[in-house]
Amino acid sequence: MNRNNDKHFFDCWDLARKIEDRLPFARAKERSELLELEEQLYEESGFYADYTYQEAIAAYREQSDYKKEI
């Protein structure tokens, strides 16, 4: 994976990092919004914000392969 060739993955990865950074400090309403955004991230990318980089790559690839089969 690299930022030039895999733009969608890295857009998702950057969003995941922002969610992960904000969650510990979020109040109830913002936390709810962040968790909803994280669910949308999962549907789009196949990984959650707390996945490691390697886990996220593997999940993203699985999601991509699954979408190709459908």
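One residue stands out among those in region 20-38 that are within 20 Å of residue 10 (Cβ to Cβ) and among the acidic types (Asp, Glu): the one that is nearest to the chain's Cα centre (by Cα), which is 38. Total residues in region 1-35 satisfying the condition of being closer than 12 Å to residue 60 by Cα, in contact with a helix residue (DSSP H, G or I) (Cβ under 9 Å, 6 or more places away or on another chain) and among the hydrophobic types (A, V, I, L, M, F, W, C): the figure is 4.
Within region 39-70, the set of residues being outside any loop (DSSP other than H, G, I, E, B), under 9 Å from the mean Cα position of the chain (by Cα) and either polar (S, T, N, Q) or within 17 Å of residue 1 (Cβ to Cβ) (or both) comprises 40, 41, 44, 45, 56, 60.
Checked against the criterion of being surrounded by 14 or more Cβ atoms within 10 Å (Cβ to Cβ), in contact (Cβ under 8 Å) with a residue 40 or more places away in the chain, in contact with a helix residue (DSSP H, G or I) (Cβ under 6 Å, 6 or more places away or on another chain) and not acidic (Asp, Glu), the candidates 60, 48 yield just one match: 60. Within region 1-14, residues that are surrounded by fewer than 11 Cβ atoms within 10 Å (Cβ to Cβ) sit with their Cβ atoms under 9 Å from residues that are at pLDDT 95 or above and assigned to a helix (DSSP H, G or I), at 6+ positions apart or across chains, in these pairs: 2/10. Screening the candidates 3, 22 for the property of being of a type outside the set (A, V, I, L, M), at negative phi and assigned to a helix (DSSP H, G or I) yields one hit, 22.
Residue 38 - would you say it is under 20 Å from residue 60 (Cα atoms), surrounded by 11 or more Cβ atoms within 10 Å (Cβ to Cβ) and not aliphatic (A, V, I, L, M)? When the stated conditions are applied, residue 38 passes them.
The values are calculated or read from the model by the stated rules, or taken from the named source; none is laboratory data. Since this is a predicted model, take the numbers as computed values, not measurements. Here the Cβ is made from the backbone with ideal geometry for all residues, glycine too, and neighbour counts use every protein chain on show.
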